[in-house]
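A short write-up of the structure that comes next.
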Amino acid sequence: ENASWSLLSFLKMPLIYSFVARDSTLLAEYSLYEGNFAAVGIECLQKLRNPENKFTVTCDLHTFNFLIQEPFVYLVVADEAFGRQIPFSFLDRVRDEFDERFKEKGLKASAHSLDRSFGPRLKAHMEYCMAHPEELTKIAGIQKKV
């Protein structure tokens with residue numbers, strides 16, 4: 001019975017893990033589940049010097065969705081079945097807030113020093129994006145038309 005509940009909650013929680021880093025220094029993170037998401041995300045970053053500022057790597061039924069705005073890197077890990085539109089809408093929201101409120105701190109911050117201040121914001125954005133997928137899909141559709 002417990003296993004079916006956790007599977008059900010997992011299906012309702014398609015955004016699993018997120019971080020903000022400066023190059024490969026993790027500044028803030030939030031995770032719904034235990035896992036080596038941070039290590040895999042940093043490893044992907046170090047191995048893949050992708051010319052795109054938005055890209056996705058798929059690993060073990062999860063997508064690692066990256067948004068890079070030098071020197072900052074934004075990552076969200078999602079269930080592969082969730083697609084890419086909502087993870088990237090999440091990353092845009094996180095980037096916009098971080099840019100506005102934490103950019104100056106982030107340029108000098110040490111590893112994990114923004115966990116307490118920005119970690120809860122990552123959680124809030126995750127919860128919002130998972131609760132309002134249809135709104136984010138509409139916004140993305142409008143942005144493509146413009």
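Below, the figures for the structure above:
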read-out	value
Residue count for the range 74-85, restricted to those that are crowded, with 23+ Cβ neighbours inside 10 Å and among the hydrophobic types (A, V, I, L, M, F, W, C)	4
Near pairs, Cβ below 8 angstrom, 6+ apart or cross-chain, from the range 116-133 (within 13 Å of SER31 (Cβ to Cβ) and open to solvent by less than 10 Å² (accessible area, probe 1.4 Å)) to any residue that is outside any helix (DSSP H, G or I) and polar (S, T, N, Q)	LEU122/SER18; MET126/SER18
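The values are calculated or read from the model by the stated rules, or taken from the named source; none is laboratory data. Bear in mind that the values here come from a model prediction, so they are computed numbers and not experimental data. Cβ: placed from backbone, ideal geometry, glycine included. Neighbour counts: every protein chain shown. With ligands, DNA and RNA removed, areas are computed over all heavy atoms of the protein, side chains included. Shrake-Rupley method; radii C 1.70, N 1.55, O 1.52, S 1.80 Å.
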